[in-house]
Structure formats: C-alpha cells, structure tokens
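The values are calculated or read from the model by the stated rules, or taken from the named source; none is laboratory data. Just so it is clear, the structure is predicted and the values come from calculations on it, not from any experiment. Glycine gets a Cβ as well: all are built from the backbone with ideal geometry, and neighbour counts include every protein chain shown.
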C-alpha cells in the first residue's frame, strides 16, 4: 500500500503554510483533553464553561471502544450509561463554540485497564503480537499487564472495522462544516505497545509474512537480496528476521538494519490502513493525524526521535504527526529536542498530548513550576498547536487545573489561562520561529544503533526495573567496530550531542530534522549539519551534494563515506569533494578538515571537531552564510527568535535551563530599542542596545522587542 489518505487541498479544514486553516483562515488549536465518559453528564456544561474560562478553544477527547462495547457488535452510546452519549457531548461542545478533535483508537491507552480495547480483543491469540521466542508479547503497565496486539493481523482490522462501523457515522455528523469536528487522530502512540526494543516483537506469523513482502518490495528480486546479504536463500519464504543481534562484520549489517527499517514500515502501513478505514466510513474533509510517544528521559539531544518512528514517511500518508510531551524543568533539552524536531519536520507542529497533570507513577508528579517552564519551552521552540492532557482530571491522574467534579485548582488554572492569553494577545499564530541552521539526525546510524542492541527485554510503560530505557543507548548496544574506525552506533550520538551543544552555546538558532527529509526541506536552510561515517546510502550522499549545489552549506563529519548501505563501494560524495576547489579548516593551528565549493554552496568536512573549540569553530565556519545568531552571556542560556510581518519587531524567548542564577546579556544583529516581558507584563532592562536581566534558576522569559 502506498496510497495517501491526506485531506484534499480544498477541504474546509486543512493545513497550509504550517498553519491549521478552516474556511480559508488560519485558526489556533489551543486545546485540552476532557473525557466525557469519566464525568457525570450533568456536570459537562459547567466543566466546559470553566475550560472556556482558561482561554481554550478546542476540546480533545478519546472515544474508548472498551467503554462503549457491550458485546461484540453491540454498543452503548448513552442508552445504558448517560455519560457514554458521545453524540450529545460533541453537540454540547459545538453549542459552546469549541472546536473538536476526537481520538477513536482503536488503541487509546488513557490509563484504562485494557488500553481502550474490549478484553475479548486482547485475549484472542489470533490478534496477539509475538516475541522473538514465539510467546505472546506482553506490555507491563499499570494497573495490570496486557498482551500487545499485532497490527498486521487481518482479524485485528476486521474487529476494528466493527468498532469503526459504529462510531464513524456519529463522527461524520459533526465534521466541519456540519459541526465543529476539525481533526481526527488515527490510533494512539503506536510504538509496538512500547516494545521499542527491536527484538521484543512483532514476530507473529502475519508480521513475518509482511516482513518478507517488505523485503521483496525493497530488494526487487531474490538475487538482489542474496547479493545484499551475502546469502543463498532459495525463496523469500525461507528468510527469517533476526531475533537477537550477533553481527560481527560490516557485511552483517544490512540484514539487521532491514529488520529495523521494516519496523518503521510496519507502523506507517498499519496506521495508513486504519486511516483509510476511517475515510471509507465517512470521516472525510478533516485532517487525520497520529501521535508518537517519546521517552521520558534522559531526553536531551541524544533523544529517540527517529526509528522506529518515521515522521516524514508517515506524513506522506497522513496530514500531520506529532510527539507527545511529558517532562519537567530539569529536562529542558528533552523538550527542546522533541519540539525542534517536530517544528523542523512536520507540516503542522502540534503536540497531541501536552502535560497538564500527570499519572500517579510519573517521575515526580504535580509541580506547577515544571508545567509553566515546559509550557514556555515548547512555545519557545516553535510549537503551533497543542492539546493539554488532561485539562480536567479523572481516575489515575493528578494535578490538572480542574477536578472531575468541576472544582478549580486556582494556581494551575491561572497559569494555563495566562499561557493562552499570551499566545492570543501577541498573535503567536502569525509568528514564525526563525532558524537558519538544521541539525540532522542520521537515520541510517540510528537504525544501526537500534539493530545492535544486545539486551532484549519487553517494552515497559514504566521505567524498566533494570534502570535503563527501552530505547537503545550506549548502555545496551554493541561496542563492536565491525571493521570501521569506531563503533558508529555509539559514536553517532556523541557527535550529534557535541554539535547540538556547540550550536546552542555559540548562539545559533537551529532546528532538528533527519536524513529522511526531502531535498526541498534541506534547501530552506543556510546550513545543514549531519554526521557521516564510512557508509551512507547513495541517495543520501547525492541529496547532500544537491543541497550544497543549490546553495546550502553542508557540514559533515567525521568521515567521508566510501560505502553504501549494502557495504559496497560508493564514492558519490568522495569523488565530488575530491574534484572540488577546497580550503583548509584549522583549529588552534591544527588541520581539522576542509571546505569544498560545490555549485552555489559548499561542503565542509570536519575530520576532527575538538569539543573545547567547537563553538568558536562553528562561528567561524558559518560566518559567511550569515545565519541568525545571538551573542549571549553566559553561553548556557538559550535563545529563540520569532518574527512576524514587522521587521523591526520580534518576540524573543530566553531560557536559563540551569540550577544557578545568572545575569544575562543578549546582543542581536540590530540594537535592541525596547523590550517588554510579555508573561509578567513589565518593561525589561535594555542598555547599550543589549537586553540585560537577572535570571533565577530554571526560568524562561518572553520578550516583545523592538529594534533600532
């Protein structure tokens, strides 16, 4: 399947220029989650009025199959339990002028016992995903473990079809312009039921059959596959997926990495099929989207933003894709990484689940200071829409601004209201995060990292008992070099983190992306920074050269690749660079690389990037490209600039993400004339054309600045 299920370009609700558009006009989606079935029906109206009082204009709600099904094919939509009347709830929201976003699953999580599925679905062996050992894959979660389901099972889609047959006609009555339903989420946090470890699942018969079909589509012929794997399989039916990592040579890598790529394909194809089922049942004319989960920690630049997630590939099918964010102030880099990636990658930067209270077993629940800091951090880095989860609390949830009885927690309620006021009063919908540099995660090396994980444990909704994440990292991956100069699967994270920190400390405003980006996405930037080692797929090598030829400055290192993904000779980049005019790059008098002129742009190869000198080296290398840079003191503070239609005005975010108080001085390309702190509504100190203020620990401020 390669079809798209995106909304038509003339639909009443659609995406345009990274904005959500309804009836031809950009609309802000500042929303929160309200779960109708968990609330007493007679309290719906008062609760929605209080939500409006916080300045929200959108309600998001799950619609749980588990709650509505009475028996197979029989459902309660208010006939038995009045709070199950989803049609009445949607109508009430519309009466109050609220936009609607619904999330009908089939999986919703929502801390429900069965993750939103009727228990009979989870207990059916034909629907269960399988571990590498052939047993059912189990998700250990609160309040009890449940089986993971296989999204390749035909019976799974048939059963889901019964649920969609029941709920979609109700939803279709509320789709704009008939109602206020503006977007629909396809499934929820699909990540193999948190089995991120690639050898944990899905090894069901239907998944293995799809894996073999994927290999045939990718390689074309059996001969081509055998050449790639250095094997002699007599048929595709004889090929088994890897169930643990035992690679020792670089020639072993293609077989393992194909399994990792298949896992991305698995998610994209299954979500596409569910989306098509929604469309076929009348959910048309509004965008469809999905929300990927993201690790709670350690966060930071190492992240986990690529495999098994492939946001660019899924957005070829759906309208937009976001990552959920639950964080705290100490994990500023986690929020910056996730948001900068979504802003740098998605056609609509949206947070489908954005912290508002937390589940009781979270790392540290309930701190208002954390939520205010994380709110500002997400806006700072360019998010354009969000749904607070949960804006009204319920069972298995703590510290939302409102209780399920409608009572207000004043400090949190006022904070969320102020956040919405700042967004609306200062026209954030019309502002654009300015960033001229794009730091790419290299998906090829992220796949190698995932493939080379040595510890195979089942996915866990909680932090694993062993104390490390189910996401691959240096603690769990192989240290083998596979014949390369260094273990790429570990070195690539250090290289990415070094560049992330150096760009931050040197004052460059940058976004994140990955090597799956199309060429036209790369050429929007003055500079693109990406890791490169001894191998890189041929199209990626050519794409980087094409970006340079179009005028982008490509910085890569530490190696110039001479092999492709199949570990065959490929000197696409090496040949072009060898033939180009070049000049040396030096740091402290030592040769650390060369800059090669390619077309209208250039490629800088940094064979060595000394950490101590890297920020100043980047300043020197990027000087001629003139990307936006803020001179700042101290270097630990972070800055983001948002521009509107007036070249003399900008909204500037300044973050002190450290535990120490600091005195901040900022100098821009033009002298600052005035500055007003927008959240507090006060004038800020400007001296000699610089913005200067004292910052307490873990503080983000928002300034409306004018320039001379």
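Taken over region 682-708, residues that are within 30 Å of the chain's Cα centre (by Cα) and exposed (fewer than 12 other Cβ atoms within 10 Å of the Cβ) amount to 1.
Report whether or not residue 212 is touching a helix residue (DSSP H, G or I) at 6+ places or on another chain (Cβ under 7 Å) and in the same structural domain as residue 168 (by TED's automatic domain parsing).
Details: touching a helix residue (DSSP H, G or I) at 6+ places or on another chain (Cβ under 7 Å): yes; in the same structural domain as residue 168 (by TED's automatic domain parsing): no.
Answer is no for this residue.
Taken over region 644-681, residues that are over 32 Å from the mean Cα position of the chain (by Cα) and either in the same structural domain as residue 427 (by TED's automatic domain parsing) or buried (at least 20 other Cβ atoms within 10 Å of the Cβ) (or both) amount to 2. Among the residues here, residue 405 qualifies as assigned to a loop (DSSP other than H, G, I, E, B) and over 29 Å from residue 443 (Cβ atoms). The residue that is nearest to the chain's Cα centre (by Cα), among those in region 79-98 that are assigned to a loop (DSSP other than H, G, I, E, B) and over 25 Å from residue 121 (Cα atoms), is 98. Between 74, 155, the distinction of being modelled with pLDDT of 95 or more and within 23 Å of residue 171 (Cα to Cα) belongs to 74 only. In the set (1) under 29 Å from residue 313 (Cβ atoms); (2) assigned by TED's automatic domain parsing to the domain that holds residue 289; (3) out of contact with any strand residue (DSSP E or B) (no Cβ under 8 Å at 6 or more places or on another chain), residue 38 fails one condition alone, (1).
Please give the number of the condition residue 550 fails out of (1) within 27 Å of residue 247 (Cα to Cα); (2) surrounded by fewer than 16 Cβ atoms within 10 Å (Cβ to Cβ); (3) touching a residue at least 40 places away in the same chain (Cβ under 8 Å). Evaluating residue 550 over (1) within 27 Å of residue 247 (Cα to Cα); (2) surrounded by fewer than 16 Cβ atoms within 10 Å (Cβ to Cβ); (3) touching a residue at least 40 places away in the same chain (Cβ under 8 Å) leaves (1) as the failure. None of 57, 109, 23 is modelled with pLDDT under 95 and surrounded by 14 or more Cβ atoms within 10 Å (Cβ to Cβ) except 109. Would you confirm whether or not region 142-154 contains a residue that is crowded, with 18+ Cβ neighbours inside 10 Å and assigned to a helix (DSSP H, G or I)? No: region 142-154 contains no residue that is crowded, with 18+ Cβ neighbours inside 10 Å and assigned to a helix (DSSP H, G or I). Residues of region 162-185 include none that is in contact with a strand residue (DSSP E or B) (Cβ under 6 Å, 6 or more places away or on another chain), modelled with pLDDT of 95 or more, surrounded by fewer than 21 Cβ atoms within 10 Å (Cβ to Cβ) and closer than 24 Å to residue 324 by Cβ.
Listed here are the residues, each with its yes/no results for (1) touching a strand residue (DSSP E or B) at 6+ places or on another chain (Cβ under 7 Å); (2) surrounded by fewer than 23 Cβ atoms within 10 Å (Cβ to Cβ); (3) modelled with pLDDT of 95 or more; (4) not in a helix (DSSP H, G or I).
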| residue | (1), (2), (3), (4) |
| --- | --- |
| 456 | no, yes, no, yes |
| 469 | no, yes, no, yes |
| 529 | yes, no, yes, yes |
| 542 | no, yes, yes, no |
| 545 | yes, yes, yes, no |
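To keep it simple, each residue is scored yes or no on (1) closer than 20 Å to residue 100 by Cα; (2) in the same structural domain as residue 306 (by TED's automatic domain parsing); (3) in contact (Cβ under 8 Å) with a residue 12 or more places away in the chain.
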position	(1), (2), (3)
145	no, yes, no
155	no, yes, yes
164	yes, yes, yes
167	yes, yes, yes
182	yes, yes, yes
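Considering the conditions (1) farther than 28 Å from residue 214 by Cβ; (2) part of a loop (DSSP other than H, G, I, E, B), residue 133 is excluded by exactly one of them, (1). The requirement of being part of a loop (DSSP other than H, G, I, E, B) and at pLDDT below 95 is fulfilled nowhere in region 215-222; no residue meets it.
For every residue, the table says whether it meets (1) over 24 Å from residue 405 (Cβ atoms); (2) in contact (Cβ under 8 Å) with a residue 12 or more places away in the chain.
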{"site": "15", "(1), (2)": "yes, yes"}
{"site": "20", "(1), (2)": "yes, yes"}
{"site": "41", "(1), (2)": "no, yes"}
{"site": "46", "(1), (2)": "no, yes"}
{"site": "61", "(1), (2)": "no, yes"}
{"site": "65", "(1), (2)": "yes, yes"}
{"site": "71", "(1), (2)": "yes, no"}
{"site": "75", "(1), (2)": "yes, yes"}
{"site": "104", "(1), (2)": "yes, yes"}
